[in-house]
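To start, the structure under review is shown below, and the notes come after it.
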Amino acid sequence: MAEYRRPKTAEEFEQNFAQKKPLMNDTQAYYESSRCLFCYDAPCVQACPTGIDIPLFIKQINTGNKTGAAATIFDANWLGNACGKICPTETLCEGACVYNHQEVPPIQIGRLQNFATDSVIKEDKTLFKPGPSNGKKVAMIGAGPASLACACELRVLGYEVDIFEAKDKPSGLTVYGIAPYKITNEEVLDEVAYLQKQLGFQVHYGQSVTSREKIKELEDEYDALFIGVGLGPTRALRLPGEELPGVVGAVEFIEELRMKHEAVTVPNMVVVIGGGNTAMDAASEASRMGAEVTFLAYRRSKEEMGAYGFEYKLAVSSGAKGLFNVSPVEIVGEEHVRGVKFICTESVDGKLQNKEGSEFVVDCDMVIKATGQAKQGSFFALIDDLKINDWNCIEVNQETYQTSNPRYFAGGDAVNGGAEVVNAAFEGKRAALGIHEWINQ
Amino acid sequence: MADLSIDFAGIKSPNPFWLASAPPTNSGYQIMKAFEAGWGGAVWKTLGVPVINVSSRYASINYRDTRMAGFTNIELITDRPLADNLREISEVKKYFPDHAVIASLMVETKEQWHQIIKDVENAGADGIELNFGCPHGMCERGMGSAVGQEPAVLKTIVEWVMEVAQIPVITKLTPNISHIVDPGLAAVQGGTDALSLVNTFKSIVGLDLDAYAPYPVVDGKGTNGGYCGPAVKPIALEMVKELAKHPEIQKTPISGIGGIENWRDVVEFILLGASSVQVCTAAMHYGFGIVREMEAGLLQFMDEKGYNTIYDFVGKALPNVTEWKHLNMKHKVVAEINKDKCIGCDLCYIACDDGAHQAIRIPDGTRIPEVIDENCVGCNLCSLVCPVEECITMEKRDDGSQHLTWDERTAAGNIPTTFNDDLAGGKGHYVPDPADALKHRS
């Protein structure tokens, strides 16, 4: 028997995907917030990409000022609730907590953060209002976290904001791509609705921007544009058999899982290919969906994986097994995938080499490719003078997030190549300030 | 093993741990339970003309996650009929003949005092404690602290009591007074056998910000309460010391009260002259079982120090509690930060920079602070704020060969006497330029 039974009902799905950072109750928050030392020039703040004044909001929680705590958080990070839940706090704020240096458990900053933000969202407390209209309009392409942060900040500054989103939900990978045990769909959407209600930015769903005509239209109507298109679908492995039914991309797999929950069927034998955080998520998810055996196959060693150690541990604790120094050479199967042929690899002078004659087949009914997402190259080509860097990401000014086409600003995965939601939130906010400065120069 | 038994002004008790007159000693049931748990004595909840209490009686100070760091009450003396209390005193003494049962008393007239003393003696009480301390409620009726704050009145009442009392009399003092020696001396001059202190402090522990009223809120209003608990221990220690050092009082046994919760507190009160201790808040917080820790700790301390009875160290610290003018100005300590233990919270840095003497810096590119020895005045602040055990220590830097006090300097005519005196202690001490405070602007 695997670690998890196959979920048949919404309740079973919820159990299998129990929240990794559940909401604290008042007593938990009181005791946890009491532990904060209120460090000088606190390392947790330095470790937060959005620089939330963490000791301040923890003190506010401790003194019964939950609403003030939420305001402190949102002031620095418009997606404060989502980030409290999904940030890799183990390597950011909580990883920087000075308690770690004396083997004392670090403050549970992420959960305290949610404790504050969740309360204002649930109670629908108004913390912000749009600035007086300045008559300027900004369009955003894609409604991911970078655009949402940019939109909120611009609304406070008095801009009119229209977001054009191809899908039917806001917040991009936060709702479509994060493992379900990190945040629920409701939590993601409630935060966006909470912000939207107060700040009044418009999101136009089902509006993909894929033509020069559309771009032209936007350029004519808006004073500035923000590109928050993220990344594209999972990159092809270019392996024989890749097109077989049962071979899916991790991003697509996770999206389906987030939208359909227990209605998704994961077969008994799953191979996940990749060594990044998305691979870890996909492996955890396959296991929690009831797969008997989930292999995490990575072409280099365990130590060389890009994934955070805690993410690997979580995947293993969900039931996944690591397979290291194996590189896929072929997806095996006729009507449907029935295995992956791997070849063993070794590192010679830092270079990865295949060991000749070491091929073997791992049987499986499903292959999840977690080997990175393609860049949005075809979209970038629609915009004049948009400079793309060597990693196929949009090149921006690191202070203002302005692109080489001065009317365009950009942030999030399309710029950083794929990072955390908190990075997108920071970049979107900075870009808003960049737009404001540029329009008013 | 050390012998914990005491003979306190003639009141014998198997150990010095007594429950103070308070809610935990409201009934024979509670006191018998306490004796079973290990308490050596109990001062019965004050007897007098029965009162009527209000609902909502206690409130506390919570310091972060520490509950009841300070505690207040507006409860009056016993509201149970005197006959019930007297019957239960007899019953307790029947079960626990070797434990100390002390009757706390508070009445008004000489006749009432004489009558109630007879009553409790007949009931079998081992001693009497005169409650001249409660700063709430009863004082409005001319009793409790209203007496304790008037040494002449206090003395008169003690004299009334001593006219008739056949058992030892303890006078319990209020701390709500500028000079604790005044009522202490009055009680001794009135003939009291012993003193106990402190009663609670007149206080408002906090306000309900919606009701605009002090805690505990009684139907929209509150009143000052009597404050006690761990937060008051330092003031109580000081007052015990004042009496224990006074030449006319020092022979009178003192029962120490005020925020005692653990063995260290007990030892501290004893070292400053107390020969029994009374506890209330800790028992109200943790129950009577808290005495286990006090007893075990006290025994351990006595065994390690080689004491056979507590009398071997009662008042032992008193000679070292002196006036400021007798402190050695040549003594020098400097903070030392253990870099291996430091966790980089930098509280020592900011405490010193904002709150003390700017004697700690953080070298660029690190979070591990450094003490600037020449600026360090040895104030201890950094070692107090440091959250890591034994990380910042105060290291002695003088060789002990020199000794010079303010008193000696005064005698030698070597002290500053004018506002620009070159002898000022801070002259030449490093302080940053005022504009350095604005450096971050650039």
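What follows draws every value from the coordinates through simple rules; no lab data is involved. As the structure is a computational prediction, the values presented were derived from the model and not from experiment. Cβ atoms come from the backbone with ideal geometry, glycine included; neighbour counts cover every protein chain shown.
Residues that are crowded, with 17+ Cβ neighbours inside 10 Å and of a type in the set (S, T, N, Q) were ranked within the range A:198-247; the one that is farthest from A:A431 (Cα to Cα) is A:T234. Within the option set B:T393, B:T366, B:T410, being touching a strand residue (DSSP E or B) at 6+ places or on another chain (Cβ under 8 Å) and polar (S, T, N, Q) holds for one residue only, B:T393.
Condition first: in a helix (DSSP H, G or I), of a type in the set (G, A, S) and surrounded by 21 or more Cβ atoms within 10 Å (Cβ to Cβ). Now tell me which residues in the range A:248-299 satisfy that.
Of all residues in the range A:248-299, those in a helix (DSSP H, G or I) come to A:250-263, A:277-288.
Filter once more, keeping what is of a type in the set (G, A, S): A:250, A:263, A:279, A:282-284, A:286-287.
Hits for the range A:248-299 are A:A250, A:A279, A:A282, A:A283, A:S284, A:A286, A:S287.
Identify all residues within the range A:11-67 that are within 12 Å of chain B (Cβ to nearest Cβ) and among the hydroxyl-bearing types (S, T, Y); write none if there are none. Those that are within 12 Å of chain B (Cβ to nearest Cβ) and among the hydroxyl-bearing types (S, T, Y): A:T27, A:Y30, A:Y31, A:S33, A:S34, A:Y40, A:T63.
The number of residues in the range B:197-213 being without any contact (Cβ under 8 Å) to a residue 60 or more places away in the chain and either touching a Leu at 6+ places or on another chain (Cβ under 9 Å) or surrounded by 16 or more Cβ atoms within 10 Å (Cβ to Cβ) (or both) comes to 1.
With the requirement that a residue be crowded, with 19+ Cβ neighbours inside 10 Å and either in a loop (DSSP other than H, G, I, E, B) or not polar (S, T, N, Q) (or both), what does the range A:366-377 give you?
Once the filter is applied, which keeps residues that are crowded, with 19+ Cβ neighbours inside 10 Å and either in a loop (DSSP other than H, G, I, E, B) or not polar (S, T, N, Q) (or both), the range A:366-377 yields A:M366, A:V367, A:I368, A:K369, A:A370, A:T371, A:G372, A:K375, A:Q376.
When A:Q398 is tested against (1) free of Cβ contacts under 8 Å to residues at least 12 places away in the same chain; (2) among the polar types (S, T, N, Q); (3) within 30 Å of A:M269 (Cβ to Cβ), only condition (3) is not met. Only residues that are out of contact with any Lys or Arg (no Cβ under 7 Å at 6 or more places or on another chain) and either at the interface with chain A (Cβ under 8 Å from one of its Cβ atoms) or of a type in the set (A, V, I, L, M, F, W, C) (or both) were counted across the range B:336-361, and they come to 14.
Taking the stated definitions as given, is A:T27 in contact (Cβ under 8 Å) with a residue 24 or more places away in the chain and either hydroxyl-bearing (S, T, Y) or in contact with an Asp or Glu (Cβ under 6 Å, 6 or more places away or on another chain) (or both)? Even if it seems obvious, please write down each step before you answer.
Details: in contact (Cβ under 8 Å) with a residue 24 or more places away in the chain: no; either hydroxyl-bearing (S, T, Y) or in contact with an Asp or Glu (Cβ under 6 Å, 6 or more places away or on another chain) (or both): yes.
Criteria not met by A:T27.
Only one of the numbered conditions (1) over 26 Å from A:S287 (Cβ atoms); (2) under 19 Å from the mean Cα position of the chain (by Cα); (3) part of a loop (DSSP other than H, G, I, E, B) is violated by A:G206, and that is (2). Flag not set for B:E261, criterion: among the acidic types (D, E), over 30 Å from B:R64 (Cα atoms) and touching a helix residue (DSSP H, G or I) at 6+ places or on another chain (Cβ under 8 Å).
Can you name every residue in the range B:362-418 that is within 14 Å of chain A (Cβ to nearest Cβ) and of a type in the set (A, V, I, L, M)? Residues satisfying the conditions are B:I362, B:I368, B:L381, B:L384, B:V385, B:V388, B:I392. Filtering the range B:284-310 to residues that are more than 19 Å from B:G259 (Cα to Cα) and touching a residue at least 60 places away in the same chain (Cβ under 8 Å) leaves B:L299, B:M302, B:D303, B:Y307, B:N308, B:T309, B:I310.
Restricting to the range B:79-98, and then to whatever is surrounded by 12 or more Cβ atoms within 10 Å (Cβ to Cβ) and out of contact with any strand residue (DSSP E or B) (no Cβ under 9 Å at 6 or more places or on another chain), can you tell me which residue is nearest to B:A42 (Cα to Cα)? Talk me through it step by step, then tell me what you get.
So the first thing to find is which residues in the range B:79-98 are surrounded by 12 or more Cβ atoms within 10 Å (Cβ to Cβ), and the list is B:79-80, B:82, B:84-93, B:95-96, B:98.
Now narrow it down to the ones that are out of contact with any strand residue (DSSP E or B) (no Cβ under 9 Å at 6 or more places or on another chain): B:79, B:84, B:87, B:90-91, B:95-96.
Details: B:D79: 18, B:D84: 17, B:R87: 16, B:S90: 14, B:E91: 14, B:Y95: 14, B:F96: 11 Å.
Once the filter is applied, the top-ranked residue is B:F96.
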